[in-house]
Amino acid sequence: MAAKASYHFAGKTILITGGAGDIGRATAQRFAGDGAGVVLLDLNAAKMAEVSHELEVYKIPVATFCCNVTVSDEVAQAFSAAVEQFGRIDYVFNNAGYQGVFAKTDEYPEEDFQKVIDINVVGVFHVLKAAAQHLRKSGGGAIVNMASYAGVVGPPNMIAYSASKFAVIGITQTAAKDLAPYHIRVNALSPSLIGPGVMWTRQTQLQAGVRSQYFDADPQVVEQQMINSVPMRRLGSLEEVANSVAFLMSDEASYITGFNLELTGGQ
């Protein structure tokens, strides 16, 4: 395996929403390994505690805050508490999200559509706004919004998730222009098939359950169908997602803003 690029994050602090999930955990470990302090936001206090415990080996400061990103006051309070504890936040990984159910458009439940939009769009906006307000005061920084390749191509049976991630890419492009005068870079990351992990297992099972013309009814067959759609014939890893976040946050990406990085294995 090739050596991992090392970035100058020592003495910096990253705030990660969805910090208890697979991607949040991998990203926290990636930044901690380069010396950054880590702030985790999530609704799952127990899992955040597990991640925090895992980060102890890096000897960096860590804080966890329970926060519902759909509630703007909770987001603002979490940012204020993090800044009070760490002095400042340098990077924000706007990662919290919800995959939604899998169903054909004419059968998709309205209440779930609203839930996906509330978390993946409204929640992203709340975090982006709070991040921008802080980073303006502190002289700048970098934000990465978690989008998805579903927001580029529109996969079947995922109309809410697809719509939400198209929105995140648009939000990123507008915010990058609005915040550039304040030395704040804003980019998006659009992974495709990433695993192993909860989202990978969930999507293969639920796509199989839809019984559509696109996927088999057997989740194991669906797994192979999806992997066969990737020119590199494999899943992307959680570590590869975290490495992409690290690059976009790093000084090596200092002239990149308003960009959506597609992490797809060639799809």
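The values are calculated or read from the model by the stated rules, or taken from the named source; none is laboratory data. Treat the numbers as computed from the prediction; the structure is a model and nothing was measured. Note that we place each Cβ from the backbone using ideal geometry, even for glycine, and neighbour counts take in every protein chain shown. Protein only, heavy atoms only, side chains kept; ligands, DNA and RNA dropped before computing areas. Shrake-Rupley method; radii C 1.70, N 1.55, O 1.52, S 1.80 Å.
Here the chain is treated with +1 on each Lys and Arg Cβ and -1 on each Asp and Glu Cβ, and its dipole about the Cα centre works out to around 580 debye.
Peptides 138-149, 176-187 ranked from most to least packed by the mean count of surrounding Cβ atoms within 10 Å: 138-149, 176-187. Restricting the calculation to Cα atoms, the chain shows an Rg/Rh of 0.96 when the hydrodynamic-style radius is the Kirkwood one.
According to the square roots a ≥ b ≥ c of the eigenvalues of the Cα gyration tensor, what is the shape class of region 189-240, taking rounded for a/c under 1.5, prolate for a/b larger than b/c otherwise, and oblate for the remainder?
Prolate, because a/c is 1.5 or more and a/b exceeds b/c.
Working from label points 7 Å from Cα in the Cα-to-Cβ sense, the VAL57 to MET232 distance is 2.4 nm. Counting only alpha carbon atoms, the long axis of helix 72-86 and the longest principal axis of the chain meet at about 40°. Across the protein chains, with a 1.4 Å probe defining accessible surface, the residues PHE9, PHE166 rank PHE166, PHE9 from largest area downward. When the P(r) is computed for region 1-128, the part past 16 Å accounts for 63% of the Cα-Cα pairs. Residue ranking by accessible heavy-atom surface, 1.4 Å probe, largest first, among PHE125, PHE215 comes out as PHE125, PHE215.
With contributions of -39500 (n - 2.57) from each DSSP H run of at least four residues, the per-residue ellipticity at 222 nm computed over the chain stands at -14000 deg cm²/dmol. Within the shell defined by Cβ-Cβ distances under 10 Å, the residues around TYR98 carry a net charge of -1, with Lys and Arg each +1 and Asp and Glu each -1. Accessible surface for PHE259 stands near 100 Å², nearest 10, in the context of the full protein assembly shown (1.4 Å probe). For region 1-39 versus region 51-129, the spacing of their alpha-carbon centroids is 16 Å.
Taking 17 Å as the straight-line reach from the Cα of LYS4, the aspartates and glutamates in range (excluding those fewer than 8 positions away in the same chain) are ASP34, GLU239, GLU240, ASP251, GLU252.
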